[in-house]
Amino acid sequence: SDSNNLIRRREPLSDAEYRRLQKIDFYDKNTDVCKNGDTGTAQDFGPCDESKFPDCKDGQELICYNRTNRRDKFYPDKHPYFYIDYKRVLCYPADWAGYGGCSSCTPGRYCA
């Protein structure tokens, strides 16, 4: 029935879709900024120190940056800028990707 089509079961994805989902969360050293200080000023934000990111097990874990919105910087349309907090960057089991995976989608510019 049509009502059954409205409910989607979460089934594991194909290998190709699994690889695509692994690329959902990305890090771009040219555009991403990290919280490097704790003074409560704009100077706390700057280039990321990649050595502070966790070392996820290749093929077994996915890295998720879990960006959060800044409260001091906004685009002209009032959407906030986002930053990476080293404490929020985590490794998740790679098999989790088959059920939705790690997403960079946070309110604002990172949602596609």
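Every read-out reported here was derived from the displayed coordinates using simple, explicitly stated rules and does not represent laboratory data. As the structure is a computational prediction, the values presented were derived from the model and not from experiment.
Structure above, values below:
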item: Difference of contour (0.36 nm per residue) and Cα-Cα distance, residue 58 to residue 26; result: 10.0 nm
item: Full-extension gain in nm, residue 75 to residue 42, via 0.36 nm per residue minus C-alpha separation; result: 10.4 nm
item: Segment residue 88-residue 66, extension gain: residue separation times 0.36 nm, minus the distance between their alpha carbons; result: 7.3 nm
